[in-house]
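The values are calculated or read from the model by the stated rules, or taken from the named source; none is laboratory data. Keep in mind that this is a model prediction, so the values were computed, not measured. Cβ placement follows ideal geometry from the backbone for every residue including glycine, while neighbour counts extend to all protein chains displayed.
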Amino acid sequence: MDFSNITIEELKAQVNLEKLPRHVAIIMDGNGRWAKQHGKARVFGHKNGVTSVREVTEGAAELGIEYLTLYAFSTENWKRPATEVEALMLLLVQTLGREVATLNKNNIRLQAIGDISKLPPRTKKALLKGIEDTKHNDRMTLVLALNYSGKWEILEAAKKLSEEVEKGNLKTEDINDELFSNALSTQGIPDPELLIRTSGETRLSNFLLWQLAYAEFYFTPVFWPDFRKKHFVQAIIDYQQRERRFGKISEQVSK
Ligand code: IPE
Ligand code: IPE
Ligand code: MG
């Protein structure tokens, strides 16, 4: 579908509010390439990506999405040049400091997944403050994946459960899908029905490996700093046109 001349209101009118995903996850990618395109340093791309975070968070809340998870920093991202890592960690401190008021105004709760203990103290502090200051909000939950790795999270869950087995609190044969899900950092959060990745890359990069088992994937060539509410709504419309079969055949799922 060509959405180029359509307004955000017209787009939103196409969304079926009865068929909204409860949880949307996004791999925000392409900041570096966007900056390069503009003849600027990579950090310029990260800074401009904050506008997209604001837009998409607002857009998701306006539609009535319950959970939005944003991949902000992977465990692998520590391998980037130290200056970029430092700039990203500082940007997080600044953004969290500035945006918590907006989250409160919009009744949005902040949460985080990933190994938070390894974040620089200032970043960790700003994050924990943001989580604490927004904990009573109930319109939407914004989950930031920080120092996150899907494999790490699965290993942590396996360790946690095996400790319980060792202590005699749990039997190996009782470990099932539900129990395992509850040992992950996304415990209590429904699995995302939709995954969006920007910038044209078509890989998972260690994101929510367990939780995305049955998600619909939406890839767009748009670089993250150019991603707007309109693009988000387009992804939702695209998702709603798909048939989710969960192993069954079409006739079994279409009503
Ligand atoms: C995504 O943009 C932001 C983070 C990973 C923190 P990139 O920084 O990966 O941008 P590209 O992929 O190099 O263009
Ligand atoms: C994935 O993007 C991580 C985040 C968006 C935070 P990357 O740009 O780091 O992924 P790869 O390395 O290209 O797979
Ligand atoms: Mg990238």
Of those in segment 161-217 that are touching a residue at least 12 places away in the same chain (Cβ under 8 Å) and part of a helix (DSSP H, G or I), the residue farthest from Val24 (Cα to Cα) is Leu161
Considering every residue within segment 204-217, establish whether at least one is within 21 Å of Glu66 (Cβ to Cβ) and within 16 Å of ligand 1 (Cβ to nearest atom). yes
Hits in segment 190-221 (condition: more than 24 Å from Ile237 (Cβ to Cβ) and touching a strand residue (DSSP E or B) at 6+ places or on another chain (Cβ under 7 Å)): Ser205, Asn206
Residue within segment 72-83 that is surrounded by fewer than 18 Cβ atoms within 10 Å (Cβ to Cβ) and acidic (Asp, Glu) present: yes
Which one is surrounded by the most Cβ atoms within 10 Å (Cβ to Cβ), of the residues in segment 120-142 that are β-branched (Val, Ile, Thr) and within 19 Å of Leu90 (Cα to Cα)? Thr123
Candidates Glu173, Glu201 - the one that is within 16 Å of ligand 2 (Cβ to nearest atom) and acidic (Asp, Glu): Glu201
The number of residues in segment 107-154 that are farther than 20 Å from Ala183 by Cβ, free of Cβ contacts under 8 Å to residues at least 60 places away in the same chain and away from ligand 1 (no atom under 16 Å from the Cβ) is 20
Keeping to segment 22-33, report how many residues are out of contact with any helix residue (DSSP H, G or I) (no Cβ under 6 Å at 6 or more places or on another chain) and either modelled with pLDDT under 95 or more than 8 Å from ligand 2 (Cβ to nearest atom) (or both). 6
When residues of segment 62-90 are limited to those that are in a helix (DSSP H, G or I) and in contact with a Leu (Cβ under 8 Å, 6 or more places away or on another chain), the one farthest from ligand 3 (Cβ to nearest atom): Leu63
Against the condition away from ligand 1 (no atom under 15 Å from the Cβ), closer than 16 Å to Ala235 by Cβ and hydrophobic (A, V, I, L, M, F, W, C), how does Ala60 come out, does it pass? yes
Go through segment 225-255 and count every residue that is closer than 18 Å to Glu193 by Cα and of a type in the set (Asp, Glu). 2
Among the residues listed as Phe219, Phe232, the single one being of a type in the set (A, V, I, L, M, F, W, C), within 20 Å of Phe73 (Cα to Cα), surrounded by 13 or more Cβ atoms within 10 Å (Cβ to Cβ) and out of contact with any Asp or Glu (no Cβ under 6 Å at 6 or more places or on another chain): Phe219
Do any residues in segment 21-44 that are on the phi > 0 side of the Ramachandran plot have Cβ atoms under 9 Å from those of residues that are in a helix (DSSP H, G or I) and near ligand 1 (Cβ under 7 Å from one of its atoms), where the two are at least six apart or on different chains, and which pairs are they? Gly30/Gly45; Gly30/Gly49; Gly30/Trp224
Any hit, segment 42-56, residues being of a type in the set (Lys, Arg), within 12 Å of ligand 2 (Cβ to nearest atom) and either surrounded by 20 or more Cβ atoms within 10 Å (Cβ to Cβ) or over 14 Å from the mean Cα position of the chain (by Cα) (or both): yes
Please count how many residues of segment 179-203 are within 16 Å of ligand 1 (Cβ to nearest atom), crowded, with 17+ Cβ neighbours inside 10 Å and over 18 Å from Lys151 (Cα atoms). 4
